[in-house]
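The values are calculated or read from the model by the stated rules, or taken from the named source; none is laboratory data. Here the structure is a predicted model, which is why all the values come from computation and not from measurement. Here Cβ is always computed from backbone atoms with ideal geometry, including for glycine, and neighbour counts include all displayed protein chains. Areas reflect the complete protein model, heavy atoms only, side chains present, ligands, DNA and RNA absent. Shrake-Rupley method; radii C 1.70, N 1.55, O 1.52, S 1.80 Å.
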Amino acid sequence: MSEFQTFFVGGEFCLDLCNTFDHLHTPPEQEFLTDSNVALRWAQAAGVLPVGKKIAPPADGQSFEKLLQTRALLFELFAPFVRSASPSKKTLDSFNALWQEKAAKLKVVFSDNQYSMAFTADDALEQIEYEAIRSAMDLLLSITPGKIKQCEGCGWFFHDTSRTHARRWCSMDLCGNRAKARRHYERVKQK
């Protein structure tokens with residue numbers, strides 16, 4: 001099992017990126033992407049970057065800071081959906097500007113006898129940022145009200161695609177079992 005396996009409960013890459021920072025339990029805040037190397041390994045575990053290949057982070061650290069800024073913007077973008085609200089115009093304008101910046105680096109390529117779109121950045125951290133933005137764009141264009149939720153246990157975001165849309169936890173294995181155990185303990189304690 002990957003060191004990051006528990007992070008991939010959001011159902012969408014952009015939500016999983018939002019979940020790499022603990023927004024609910026503040027203080028103390030907890031940063032899971034502590035540096036560029038951790039971010040690269042996390043993205044490999046997510047399937048966004050090639051697995052088994054050593055990828056060197058950029059030396060300047062600006063790409064890592066930009067990735068963290070993008071994560072914060074995505075959190076601002078999706079947090080209102082939890083309350084069945086919409087993001088602010090300022091947040092949406094910032095997201096659109098970021099999308100346009102990254103879209104300028106897209107090109108059509110021909111490979112394996114077919115055409116496809118490719119993001120043309122040499123920086124692996126920028127590739128992660130692009131994949132999160134693309135994921136967010138796809139989610140925004142397809143989301144229906146009430147399907148972006150926040151786990152009742154840990155506060156992580158997830159896209160509720162369950163049949164009844166009644167999912168309450170990021171994962172039954174994580175927060176769901178803890179909640180069941182807590183309720184059981186309370187019942188036993190009351191007897």
Pairs under 7 Å by beta carbon, first residue farther than 21 Å from PHE158 by Cα in region 22-41, partner assigned to a loop (DSSP other than H, G, I, E, B) and modelled with pLDDT of 90 or more, six or more apart or different chains?
LEU40/LEU49
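What do you reckon, is PHE75 in contact with a strand residue (DSSP E or B) (Cβ under 7 Å, 6 or more places away or on another chain), farther than 25 Å from THR120 by Cα, in contact (Cβ under 8 Å) with a residue 12 or more places away in the chain and part of a helix (DSSP H, G or I)? Don't jump to the end; show me each part of the working.
Working: in contact with a strand residue (DSSP E or B) (Cβ under 7 Å, 6 or more places away or on another chain): no; farther than 25 Å from THR120 by Cα: yes; in contact (Cβ under 8 Å) with a residue 12 or more places away in the chain: yes; part of a helix (DSSP H, G or I): yes.
So PHE75 does not fit the description; no.
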When you go through (1) open to solvent by less than 60 Å² (accessible area, probe 1.4 Å); (2) within 16 Å of the chain's Cα centre (by Cα); (3) under 22 Å from TRP156 (Cβ atoms) one by one for ASP138, which number turns out not to apply?
(1)
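Of GLU131, GLU126, GLU101, GLU152, which residue is more than 16 Å from the chain's Cα centre (by Cα) and assigned to a helix (DSSP H, G or I)?
On the way: GLU131 fails: more than 16 Å from the chain's Cα centre (by Cα); GLU126 fails: more than 16 Å from the chain's Cα centre (by Cα); GLU152 fails: assigned to a helix (DSSP H, G or I).
Sole residue among the options that is more than 16 Å from the chain's Cα centre (by Cα) and assigned to a helix (DSSP H, G or I): GLU101.
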Can GLN127 be described as of a type in the set (S, T, N, Q), open to solvent by 30 Å² or more (accessible area, probe 1.4 Å) and over 24 Å from PRO57 (Cα atoms)?
no
Within region 69-102, residues touching a Phe, Trp or Tyr at 6+ places or on another chain (Cβ under 9 Å) and over 25 Å from ASP160 (Cα atoms) come out as LYS102
Considering only region 88-98, how many residues are within 14 Å of ARG134 (Cβ to Cβ) and either over 21 Å from the mean Cα position of the chain (by Cα) or open to solvent by less than 60 Å² (accessible area, probe 1.4 Å) (or both)?
2
Filter result for the condition that a residue is assigned to a loop (DSSP other than H, G, I, E, B) and of a type outside the set (A, V, I, L, M, F, W, C), over PRO50, PRO80
PRO50
Mind counting the residues in region 56-83 that are within 29 Å of LYS147 (Cβ to Cβ) and open to solvent by less than 90 Å² (accessible area, probe 1.4 Å)?
15
